[in-house]
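Here's the structure we're looking at; comments come further down.
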Amino acid sequence: MLKANKFKEINLNDNFFDSLKADYAEFSDWFARKAEETAYVFYGEDESIEGFLYLKSENGPIEDVSPALPDKRRIKVGTFKINPHGTRLGERFIKKIFDHAIANDAEEIYVTAFQKHEALINLLQRYGFKAIARKSTSNGDELVLLKQFNSDDTDALLRYPQISITKNSYLLSLYPEWHTRLLPDSILRNESSTILEDISHTNSIHKVYLAAMRGMEALQRGDNLVIYRTSDEPGRAWYRAVATTICVVEEYRNISSFADISAFLKYCEPYSVFTPEELNQFWRTRRFPHVIRFSYNIALPRRLTRGHLVDNIGLSESAYWGFMPLSQSQFKQVLQDGGVNENLIVD
């Protein structure tokens, strides 16, 4: 389970921290000085630590790296480590870094890492971090990797979590049970976080979903999805069905495009909420022909009810809400009313 704990509540003697103590001679003293500060910690079933993330807000130039970095509002990733065990926990922490930076109106994020930590560096670079400087200390030389929110990258993944308002946009409905497992940071206030398991489709930035709703074959890479969580109480959708999340399409495929069931399962299993048994059944019946892979970009700070979407955004109450195209003006209004940070919106 992912928790926010004060340093003084975290067990520094857990074996998890041994490698950090080995890399940084001053780590234990630094940890003690942070007693009242907060870090994100992921605990395994036996309460052992599986992931640790400490973030710090900084303003001004960074002069202890070469070349120095100019005056900016930044989030520094002070410490970031996970025990990899095949559940894409690293991606969940990456999303937490971005969410934290957005909430603090940061212009950039940076992290230092020893070159030997190739898996971590590759993960960061996948989402637009670039090696732009070096930092030399008594512990050795580290790379400085920087993520800019005003990047001119055109690839949707490199500019993640930014979204383009010039792309086509659609509303996509998910039942409550699928919504929370697939999009853990979009959990509603009346839901328990204990239902979120340490499994790949929960942790991953990337999601795969199968559906049969008409019109989905029009989806293309880069299109925007407004995820709409259907009501958990029949007859009360006007107040309890809500738009919660903005996602971006990475790929659309028809189930018939897979050569065989092995290729289908390999594509879907790591990112899908459906069990292997369900996926096998879907393959046999072809009941859900549309297979979409998308990235989990933004959990809306303000959730928009069905009533708000009709009265304020202009969606038709009589339309089919399973999958619905949105005009550019409607999508812009969703972003505005949902409280999306302007730094995340590009043309």
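Structural remarks
- Condition met for Pro70 (out of contact with any Lys or Arg (no Cβ under 9 Å at 6 or more places or on another chain) and not in a helix (DSSP H, G or I)): yes
- Residue within region 217-225 that is modelled with pLDDT of 80 or more and in contact with a Ser or Thr (Cβ under 6 Å, 6 or more places away or on another chain) present: yes
- Ala101 among the small types (Gly, Ala, Ser), assigned to a helix (DSSP H, G or I) and open to solvent by 30 Å² or more (accessible area, probe 1.4 Å): no
- Every residue from region 1-39 that is assigned to a loop (DSSP other than H, G, I, E, B) and within 15 Å of Gly51 (Cβ to Cβ): Met1, Ile10, Asn11, Asp14
- Taking first residues from region 87-111 that are of a type outside the set (A, V, I, L, M, F, W, C) and partners that are open to solvent by less than 10 Å² (accessible area, probe 1.4 Å) and assigned to a helix (DSSP H, G or I), the Cβ contacts under 6 Å between residues at least 6 apart in sequence or on separate chains come to Thr87/Asn203; Arg88/Asn203; Glu91/Asn203; Arg92/Asn203.
- Flag for Phe149 being of a type in the set (Phe, Trp, Tyr), buried (at least 18 other Cβ atoms within 10 Å of the Cβ) and either free of Cβ contacts under 8 Å to residues at least 12 places away in the same chain or in contact with a helix residue (DSSP H, G or I) (Cβ under 6 Å, 6 or more places away or on another chain) (or both): yes
- None of Glu37, Glu26, Glu45 is within 30 Å of Gly339 (Cα to Cα) and open to solvent by 10 Å² or more (accessible area, probe 1.4 Å) except Glu37.
- Residue list for region 104-130, filter: open to solvent by less than 10 Å² (accessible area, probe 1.4 Å) and β-branched (Val, Ile, Thr): Ile109, Val111
- Residue within region 106-118 that is under 20 Å from the mean Cα position of the chain (by Cα), aliphatic (A, V, I, L, M), closer than 19 Å to Glu58 by Cα and part of a strand (DSSP E or B) present: yes
- In summary, Val291 fulfils each of the numbered conditions (1) part of a strand (DSSP E or B); (2) modelled with pLDDT under 95 with the single exception of condition (2).
- Qualifying position, being in a strand (DSSP E or B) and either in contact (Cβ under 8 Å) with a residue 12 or more places away in the chain or in contact with a Pro (Cβ under 6 Å, 6 or more places away or on another chain) (or both), among Cys268, Cys247: Cys247
- From the list Asn297, Asn343, the one residue that fits, being farther than 19 Å from Thr230 by Cβ, surrounded by 21 or more Cβ atoms within 10 Å (Cβ to Cβ) and of a type in the set (S, T, N, Q), is Asn297.
- Residue list for region 241-278, restricted to those being charged (D, E, K, R) and exposed (fewer than 12 other Cβ atoms within 10 Å of the Cβ): Asp260, Lys266, Glu277
- Test: Thr285 is out of contact with any Asp or Glu (no Cβ under 6 Å at 6 or more places or on another chain), crowded, with 21+ Cβ neighbours inside 10 Å and not hydrophobic (A, V, I, L, M, F, W, C): no
- Out of Gly51, Gly86, Gly78, one residue alone is modelled with pLDDT under 95, part of a strand (DSSP E or B) and surrounded by fewer than 19 Cβ atoms within 10 Å (Cβ to Cβ). It is Gly78.
The values are calculated or read from the model by the stated rules, or taken from the named source; none is laboratory data. The structure presented is a predicted model; accordingly, all values stated were derived computationally and were not measured. Because the Cβ atoms are built from the backbone with ideal geometry, glycine has one as well, and the counts that use them run over all protein chains shown. Areas reflect the complete protein model, heavy atoms only, side chains present, ligands, DNA and RNA absent. Shrake-Rupley method; radii C 1.70, N 1.55, O 1.52, S 1.80 Å.
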